[in-house]
Amino acid sequence: MSRLRSVVRGCGSYLPADVLSNEELAKSVDTSDDWIVQRTGIRQRHIASPGEMTSDLALAAARAALENAGMDAAEIDLIVLATSTPDNTFPASAVAVQAGLGLTTGFAFDVQAVCSGFVYALTVADKFLVSGQHKRALVIGAETMSRILDWTDRTTCVLFGDGAGAVVLEAVEAVEGGRGVLTTHLRSDGRHKGKLFVDGGPSSTGTVGHLRMEGREVFRHAVGMITDVIRDAFAATGESAETIDWFVPHQANRRIIDASAQKLGIAPEKVVITVDGHGNTSAASIPLALSAAVGDGRIKQDDLVLLEAMGGGFTWGSALVRW
Ligand code: ACO
């Protein structure tokens, strides 16, 4: 019996035009460029303009990914959008993207796993494609985190930004040693749900709420969870820190990225880092980093690319992709 595999056909991204530097932020909240850079590696973040919504960012990234893939939107029959900052409580922002692309076929839905959202969405889309039920998917991560930040809380507002990224996946016959999503591993542990959360929602307060975080607690758990799930990916495939070409982690914090890479023995020159330019864009950060590294020629076809993320829930996950 033939088997299918999800191959990446293209990727793209979008960042809002407005840039907020650390220096600018330090004018309105008690912080400094030095503190932010030393603790996080972040230098600036992009902020969506008034009226610019998550689905707008997602649509721009989706169009860029389709162009990069040389594909027409009409070829897409599945859209999975990872976001924790949807346009509305419902419907899913994914259907706004579907409509924006002029599609009335296939189906579209949102996945909510905070910063792990892109790895979750990639995993879900991959399952639909390898089942043979759908042929081509847009997997998108898009966030307007600026809308749920408490801009008076220096312990959180300096960390996040807005943006979107997308990849196009296509189901093809699996070839031994060939391209595609090789393995995915998802985890969650709801006992930690109070460590990183938004203090509002339709069924609790009836308001949108603001992001709240026990930063030190998140940091304490992050490296262990990330490295565990990457070891699962290595065990499932026989690959290793030596055989991967690129490590594209969720871009939350430079210190978490460096500590994870070091613990796994991944050489620093294999690590793709973009957190300095856009802060933590939650579900958008991995496809933003992928787009940057594909765009500047680092990631090339057939490269072995390791993805990982960890975020609110806690949720975490990894994926290994032969590009
Ligand atoms: N500017 C200046 N000072 C600050 C700021 C700020 N923006 N924020 C906190 N401080 C102060 C604190 O008030 C504290 O002062 P005190 O000692 O007088 O009480 C001091 O800096 C140290 O605070 P800590 O919280 O201990 O600082 P820490 O070194 O832990 O860094 C940080 C904080 C950057 C949030 C860190 O804990 C971290 O990176 N955690 C991970 C959080 C994260 O990345 N979350 C993203 C979502 S989850 C994910 O994506 C993996």
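The values are calculated or read from the model by the stated rules, or taken from the named source; none is laboratory data. Model, not experiment: these values are computed from the prediction. With ideal geometry, Cβ positions are generated from the backbone for all residues, glycine too; neighbour counts draw on all protein chains shown. Ligands, DNA and RNA are excluded from the accessible area calculation, which covers all protein heavy atoms including side chains. Shrake-Rupley method; radii C 1.70, N 1.55, O 1.52, S 1.80 Å.
Brief remarks on what is shown
- Near pairs, Cβ below 8 angstrom, 6+ apart or cross-chain, from the range 204-226 (over 17 Å from residue 256 (Cβ atoms) and outside any strand (DSSP E or B)) to any residue that is at pLDDT 95 or above and of a type in the set (D, E, K, R): 205/199; 208/147; 209/199; 210/150; 210/153; 210/199
- Top-ranked residue of the range 227-268 - restricted to ones that are more than 14 Å from the ligand (Cβ to nearest atom) and assigned to a strand (DSSP E or B), ranked as nearest to residue 280 (Cα to Cα): 248
- Inter-residue pairs, beta-carbon under 8 Å, first assigned by TED's automatic domain parsing to the domain that holds residue 290 and assigned to a loop (DSSP other than H, G, I, E, B) and in the range 4-33, second within 16 Å of the ligand (Cβ to nearest atom) and β-branched (Val, Ile, Thr), 6+ apart: none
- The residues of the range 288-323 that are closer than 10 Å to residue 251 by Cα and either more than 15 Å from the ligand (Cβ to nearest atom) or not in a strand (DSSP E or B) (or both), listed by number, are 288, 289.
- Of all residues in the range 241-254, those satisfying the criterion of being out of contact with any Cys (no Cβ under 8 Å at 6 or more places or on another chain) and open to solvent by less than 30 Å² (accessible area, probe 1.4 Å) are 241, 244, 247, 248, 249, 251, 253.
- Residue, nearest to residue 287 (Cα to Cα), within the range 44-72, restricted to residues that are touching a helix residue (DSSP H, G or I) at 6+ places or on another chain (Cβ under 6 Å) and open to solvent by 20 Å² or more (accessible area, probe 1.4 Å): 59
- Any chance residue 170 is assigned to a helix (DSSP H, G or I) and in contact with a helix residue (DSSP H, G or I) (Cβ under 9 Å, 6 or more places away or on another chain): no
- The set of residues from the range 265-303 being farther than 13 Å from residue 11 by Cβ, of a type in the set (A, V, I, L, M) and touching a Phe, Trp or Tyr at 6+ places or on another chain (Cβ under 8 Å) comprises 266, 271, 283.
- Of the residues making up the range 227-264, those that are touching a His at 6+ places or on another chain (Cβ under 9 Å) and closer than 23 Å to residue 163 by Cα are 251, 256, 257.
- All positions within the range 122-167 that are within 12 Å of the ligand (Cβ to nearest atom), assigned to a helix (DSSP H, G or I) and of a type outside the set (Ser, Thr, Tyr): 145, 154, 157
- Looking across the range 19-43, just one residue is surrounded by 14 or more Cβ atoms within 10 Å (Cβ to Cβ) and of a type in the set (Asp, Glu), and that is 33.
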